[in-house]
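Participant: The structure's right below; bear with me while I get my questions together.
The values are calculated or read from the model by the stated rules, or taken from the named source; none is laboratory data. Not measured: the values here are computed from a predicted model. All Cβ positions, glycine included, derive from the backbone under ideal geometry; neighbour counts span all protein chains shown.
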Amino acid sequence: MIKRTIFLVVAAIAATGLAACGNEAAPASGMAPAAAPASVTSPASTAPASATPAYITKKVGERAGISNTDGSLAVEFWVTKIAVDPKCGPYASRQAGKHTLLLDVTVKTYTDLDADSGVGAFTVLPGLINPFAFSTTGADGVTNQAETDSCTNPKQLPPAYAPSRTYTGQVAISTATKSGTLQLTDSSGLFGPGAHGWEWSY
């Protein structure tokens, strides 16, 4: 009889403990998964590569920069002109339904302190300032990935960059949007997780 009484008391205590745990867990189950603490401690989950890029708005002629990891300036670049539908070359034509954007670009290099890491500013520059990194957004809010343009014959920027130099060149892109916003997206990881970049009105 004594053993039976002890068993019932222990069972009652265990049941009370389980009920208490259930009451504490209930509020958490009503929270959205995105609010879980794990999403705060993991940089990749707060800014995944697939997230909408964050763009810095620039005016034509206004400089943009890329810094080294210590905060010092590695590169400056700026778009000095955006020509819409310039005259095609003598043996070229513009694709039907497309518009040409010819960008005059200046690049000024300083020192790439992160060159040994493999993802220094000079390393990513050729892939950053090229037609495939651009997109356009029109008044309808639709964003289109830019394509290389075969109508013009732009002055090419170099395939590699040296420190303490100034380069000028052009980037020609083809887009369905005659006017709107031009975006340059950097997905190199220099700015941390996710994609970032710059944008200009044209």
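Participant: Please work out if residue 130 is among the polar types (S, T, N, Q), under 23 Å from residue 55 (Cβ atoms), modelled with pLDDT under 95 and surrounded by fewer than 19 Cβ atoms within 10 Å (Cβ to Cβ).
Facilitator: Spelling it out, residue 130 is indeed among the polar types (S, T, N, Q), under 23 Å from residue 55 (Cβ atoms), modelled with pLDDT under 95 and surrounded by fewer than 19 Cβ atoms within 10 Å (Cβ to Cβ).
Participant: If we scan the stretch 97-109, do we find a residue that is under 22 Å from the mean Cα position of the chain (by Cα) and part of a loop (DSSP other than H, G, I, E, B)?
Facilitator: no
Participant: Could I ask something else about it? Hey, does the stretch 102-111 have a residue that's acidic (Asp, Glu), modelled with pLDDT under 95 and buried (at least 17 other Cβ atoms within 10 Å of the Cβ)?
Facilitator: No, the stretch 102-111 contains no residue that is acidic (Asp, Glu), modelled with pLDDT under 95 and buried (at least 17 other Cβ atoms within 10 Å of the Cβ).
Participant: Answer yes or no as to whether residue 119 is closer than 18 Å to residue 79 by Cα, touching a residue at least 40 places away in the same chain (Cβ under 8 Å), in the same structural domain as residue 68 (by TED's automatic domain parsing) and of a type in the set (Val, Ile, Thr).
Facilitator: Judged against the criteria, residue 119 is not a match.
Participant: Looking only at the stretch 147-175, filter to residues that are β-branched (Val, Ile, Thr) and in contact with a helix residue (DSSP H, G or I) (Cβ under 7 Å, 6 or more places away or on another chain); which one of those is farthest from residue 93 (Cα to Cα)? Show your work before the answer.
Facilitator: Filtering the stretch 147-175 down to residues β-branched (Val, Ile, Thr) leaves 148, 152, 166, 168, 171, 173, 175.
Then keep just the ones that are in contact with a helix residue (DSSP H, G or I) (Cβ under 7 Å, 6 or more places away or on another chain); that gives 148, 171, 173.
Values: 148: 13, 171: 17, 173: 14 Å.
The residue in question is 171.
Participant: Working only within the stretch 136-145, note down all residues that are closer than 9 Å to residue 177 by Cβ and of a type in the set (Gly, Ala, Ser).
Facilitator: Within the stretch 136-145, 138, 139 meet the criteria.
Participant: Also: Among the residues of the stretch 125-155, which ones are among the β-branched types (Val, Ile, Thr) and more than 21 Å from residue 80 (Cα to Cα)?
Facilitator: 142, 143
Okay, residues lined up against (1) in contact (Cβ under 8 Å) with a residue 24 or more places away in the chain; (2) outside any strand (DSSP E or B); (3) acidic (Asp, Glu):
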site	(1), (2), (3)
127	yes, yes, no
136	yes, no, no
140	no, yes, yes
153	yes, yes, no
159	yes, yes, no
163	yes, yes, no
178	yes, yes, no
184	yes, no, no
188	yes, yes, no
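Participant: Filtering the stretch 57-87 down to residues that are of a type in the set (Gly, Ala, Ser) and surrounded by fewer than 14 Cβ atoms within 10 Å (Cβ to Cβ), which residue is nearest to the chain's Cα centre (by Cα)?
Facilitator: 71
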